[in-house]
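Before any comments, here is the structure.
The values are calculated or read from the model by the stated rules, or taken from the named source; none is laboratory data. Quick caveat: nothing in here was measured; it's all calculated off a predicted structure. Every residue, glycine as well, gets a Cβ built from its backbone with ideal geometry; the counts of neighbours run over all protein chains shown.
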Amino acid sequence: MSDLLELFNIELNNFKQNEHISKGLKDTRNFITKLETLEKELEAEQDEKEYNQIISEANNHHKVWESNLKSNLKNSNSTLNKFNKNILDKIYDFELNDVYIYKIDKTPSNLKLIDNAIKLHLIRNGDLDIIVDKNDDDNGNEVSNEDPRIDLSLLSKFTEMNQILKKIQNRDLSDAIQWATKNENILLTQMGSDLEFNLHKLQYLEYYHSGQIFEAVRYAKTWFPKFINSNSSNLTDVSKLMSSILFNHNDSNSPYHKLNKLSNSNFQEISILFSKKYCSVLGFSFESSIFLILLSGYISFPTFLKFIQIKHLNNKLDWTTHNELPFEINQPDFLKRFHPIFICPVSKEETTLENPPMALPCHHILSKQSLQKLSRNGGSFKCPYCPTTCIPSQCKQVNFGSI
Ligand SMILES: [Zn+2]
């Protein structure tokens, strides 16, 4: 595929450099201007001899223009044919429907799901105008045509996320800190995230680097004790931050100079961390699922294409094994983690639709059959991996395909 892209670039440049089309256009414009001039001369001319002279001049111009245009068209057509032959014929030398072996049935409900996945992607990116198609009703009130299956509260949530991210890019952390403080229980207790602490550290550095030393100290006194009390290892970070104010922020002799540097990249990093945690709190993965699916398809496409080409050459080659590909697909690690295969750690067997993976309240995962064996008659049982005790009705089926 990359060879094809390279060839595409070369041919496209050749095509762009082809001057025959623009030369033909230029000649035509000049010819029109000449005709217009001659037309005016004809209107003013009384002498018949001179009149005929102008007509013959016009004929000569026409002959030159026609012959040049034919030659320009011939050359540009040959460039176009070459471009078609080298690029377009190769790019479209397959039927997309043949290339992908496993297809989604185009049932109304499946199409709706795809539609909603696209909408969700747009919502996440803050492209809300595209999603909410508003019309005025007869009374002039706005009516939303929004699909009822998209949770409307997500619109305001992702709007908030994008507004906060914009502020972070402008080095304004106030809203991000407010959100992190409001969600500190979920962030710290359930996720073990130190987003709130990182935001406060960055705000402190912002004061320090802008020369507002007293404001930095006041800020540190207000916020840092909470994080030292909850985790004593934070004291090391706070000590370094507080000691750094003994030195000027641009003093390269300061032992904290490299450690407490501040640039736009600090704000970019905290933006990414913030989006990750914001999405987690909402129960979403950081990356848009439809983006990951398309990316995965894009990466694996050349391999599918190659397989189909080989298959066409050799009719005997066929593959009917369900849910398994006859070739390896090399995907980057961040796409592999959604691999739908799960091996039960108790039975050591791969889970299936009939024997799906089940999550215990402690988030350990077993196959349904292992869970049933452990529970015996639906009674309470202990997780094989931690001290948690639970009953089967507290366990939830895990769907690895649902990212
Ligand atoms: Zn457990």
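A compact table of results
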read-out: Options Leu69, Leu80; residue that is in a helix (DSSP H, G or I), in contact with a Gly (Cβ under 6 Å, 6 or more places away or on another chain) and assigned by TED's automatic domain parsing to the domain that holds His20; value: Leu69
read-out: Qualifying residue in the stretch 337-345 (condition: under 31 Å from the mean Cα position of the chain (by Cα) and among the charged types (D, E, K, R)); value: yes
read-out: Residue among Glu215, Glu206 that alone is of a type in the set (Asp, Glu) and touching a helix residue (DSSP H, G or I) at 6+ places or on another chain (Cβ under 6 Å); value: Glu215
read-out: Filter result for the condition that a residue is among the hydrophobic types (A, V, I, L, M, F, W, C), in a loop (DSSP other than H, G, I, E, B) and under 30 Å from Phe158 (Cα atoms), over Phe291, Phe286; value: Phe286
read-out: Unique residue being modelled with pLDDT of 85 or more, within 30 Å of Lys182 (Cβ to Cβ) and more than 21 Å from the chain's Cα centre (by Cα) when the list is Asn266, Asn355; value: Asn266
read-out: Selected residue (only one of Leu187, Leu195, Leu120 is at pLDDT below 85, surrounded by 15 or more Cβ atoms within 10 Å (Cβ to Cβ) and under 29 Å from Phe224 (Cβ atoms)); value: Leu187
read-out: Hey, Leu187 among the aliphatic types (A, V, I, L, M) and either over 38 Å from the mean Cα position of the chain (by Cα) or closer than 22 Å to Leu165 by Cβ (or both) or not; value: yes
read-out: Any helices (runs of 4 or more DSSP H) falling wholly within the stretch 155-242 and containing at least 1 residues that are closer than 26 Å to Asn125 by Cβ; value: 174-182, 195-209
read-out: Subset tally (residues that are part of a loop (DSSP other than H, G, I, E, B), surrounded by fewer than 18 Cβ atoms within 10 Å (Cβ to Cβ) and within 16 Å of the ligand (Cβ to nearest atom)) for the stretch 348-369; value: 4
